[in-house]
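Asker: The structure under discussion is supplied below as structure tokens; questions concerning it will follow.
The values are calculated or read from the model by the stated rules, or taken from the named source; none is laboratory data. Fair warning: this is a prediction, and the values are worked out from it, not measured in the lab. Positions of Cβ are generated from backbone atoms using ideal geometry, with glycine treated the same way; all protein chains shown enter the neighbour counts. Side chains are part of the model used for accessible areas, which takes the heavy atoms of the whole protein and leaves out ligands, DNA and RNA. Shrake-Rupley method; radii C 1.70, N 1.55, O 1.52, S 1.80 Å.
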Amino acid sequence: MHFFDDSLLPEAQQKLVIQVAPYAPGFLATDSDDIPVSMDDQVQKAVDCYNAGATVLHIHVREADGTGSKRLSMFNEMLARLREAVPKMLLQVGGSISFAPETKGDIARWLDMDTRHALAELTPTPDQVTIVVNTNQLNLLELTAADEIAGTSWELPEYRNAYTEMVVEASPSFYLEHLKRLQKAKVQPHFMLLHVHQLETVERLIRRGVFRGPLNLNYVAASGGGAGHNPADMIEFIRRTPDGAVLTIEATMRSVLPMCTMAIAMGQHVRVGIEDNLWGRKGERMTSVQQVEQMVRISRELGREVANGDEAKAIYRIGEHWSGPDETLARLGMPPNRRPGQVGVPVRAAA
């Protein structure tokens, strides 16, 4: 992204879109008083987060016994109820479905590829499904301090091992087919990227006509094997992101607040919620709603307004479907593909 002399001034920035992830598939229901279990409570949590200022809901679902649901029928029920309860909210289904271990001592695993592909068939259709590219280590414990998992299942050796050993499985055979299915179903893919080299893969997908925009993505600074909490890495990722893309910054535990504050100041968007972070001040638990309210206060203190539901959908370009690489590159402000025999850096021809 390019930064001009006025790029840090709020009047030159988009309104802030706040994603919220309140369902916390990595934690047991007993790990926090803020984890909703019943379907009624899960829907009510979405309403509360929307009323606090969040306009994008990152969705996972729990069974009645509190375990993370892997049944797509439960996602269908949740989506139908959310469409009625929060009709202005952008509904984003988490592409992992649920990565929690099935039993104690089991490894945390993303579901098999065929099950994840089935997210393109959800009814009612979500606005987005998140997608990862390139298989990558996702060690959730490497960036987490002992006091940040105090009082949770992550203190137990079997869960520490499960989340230390977790790998995101996303080979080309998966993401090429998944993109095809999502785009055919007119579900917008939302890329969850762990480092800049995955962003490079997305650019190649655009240039080859595999992905046809709009481009919405999260910079996921949350794990060993991916991006950490170094602001220099975040700034480089922002710099490498196409001008016409929409970028959200996501971190983990108490680093969420400083990382998201920097993102707001730089004109980017933010994600909060107990899936990523349980804490406010050191030693004090903070709910998803409180985290949303905190982002609203910070943004308004900086003079940047918060997007409402309709504005968030317009910023994400929900419902737009582009024709191919030429249109996608142009709309994202990227140089066109090189023509045969062309040398130098291709530039877009004058109108």
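Asker: One residue is enough: does region 224-243 have a residue meeting the conditions touching a Lys or Arg at 6+ places or on another chain (Cβ under 7 Å) and farther than 23 Å from G151 by Cα? If you could, list the steps in order and put the result at the bottom.
Answerer: Here is the first cut: in region 224-243, the residues touching a Lys or Arg at 6+ places or on another chain (Cβ under 7 Å) are none.
No: zero hits.
Asker: Of the conditions (1) in contact with a helix residue (DSSP H, G or I) (Cβ under 6 Å, 6 or more places away or on another chain); (2) closer than 24 Å to E203 by Cβ; (3) not basic (K, R), V306 satisfies every one except a single condition; which number is it?
Answerer: The failed condition is (2).
Asker: Let me ask something else about it. Going by the conditions given, is I97 closer than 30 Å to R160 by Cβ, among the β-branched types (V, I, T), modelled with pLDDT under 95 and in contact with an Asp or Glu (Cβ under 9 Å, 6 or more places away or on another chain)? Break it down stepwise before answering.
Answerer: Working: closer than 30 Å to R160 by Cβ: yes; among the β-branched types (V, I, T): yes; modelled with pLDDT under 95: yes; in contact with an Asp or Glu (Cβ under 9 Å, 6 or more places away or on another chain): no.
Judged against the criteria, I97 is not a match.
Asker: Determine whether region 331-338 contains at least one residue that is surrounded by 14 or more Cβ atoms within 10 Å (Cβ to Cβ) and assigned to a helix (DSSP H, G or I).
Answerer: Among the residues of region 331-338, at least one is surrounded by 14 or more Cβ atoms within 10 Å (Cβ to Cβ) and assigned to a helix (DSSP H, G or I), which makes the answer yes.
Asker: With the structure loaded, tell me whether R297 is free of Cβ contacts under 8 Å to residues at least 12 places away in the same chain and either in a helix (DSSP H, G or I) or touching a helix residue (DSSP H, G or I) at 6+ places or on another chain (Cβ under 6 Å) (or both) or whether it fails that test.
Answerer: yes
Asker: I'd like the full set of residues that are part of a helix (DSSP H, G or I) and open to solvent by less than 10 Å² (accessible area, probe 1.4 Å), limited to region 140-167.
Answerer: S153, A162, Y163
Asker: Mind checking whether some residue in region 302-320 is touching an Asp or Glu at 6+ places or on another chain (Cβ under 6 Å), open to solvent by less than 50 Å² (accessible area, probe 1.4 Å) and farther than 19 Å from Q188 by Cβ?
Answerer: no
Asker: I'm told M286 meets every condition in (1) under 22 Å from L90 (Cβ atoms); (2) touching a Gly at 6+ places or on another chain (Cβ under 6 Å) except one. Can you identify the failing condition by its number?
Answerer: Here M286 clears every test but (1).
Asker: May I pose another question? Within the bounds of region 257-268, is there any residue that is on the phi < 0 side of the Ramachandran plot and small (G, A, S)? Give the derivation first.
Answerer: Taking region 257-268 as the starting set, the residues that turn out to be on the phi < 0 side of the Ramachandran plot are 257-266, 268.
Narrowing further to those that are small (G, A, S): 263, 265.
Within region 257-268, one or more residues are on the phi < 0 side of the Ramachandran plot and small (G, A, S).
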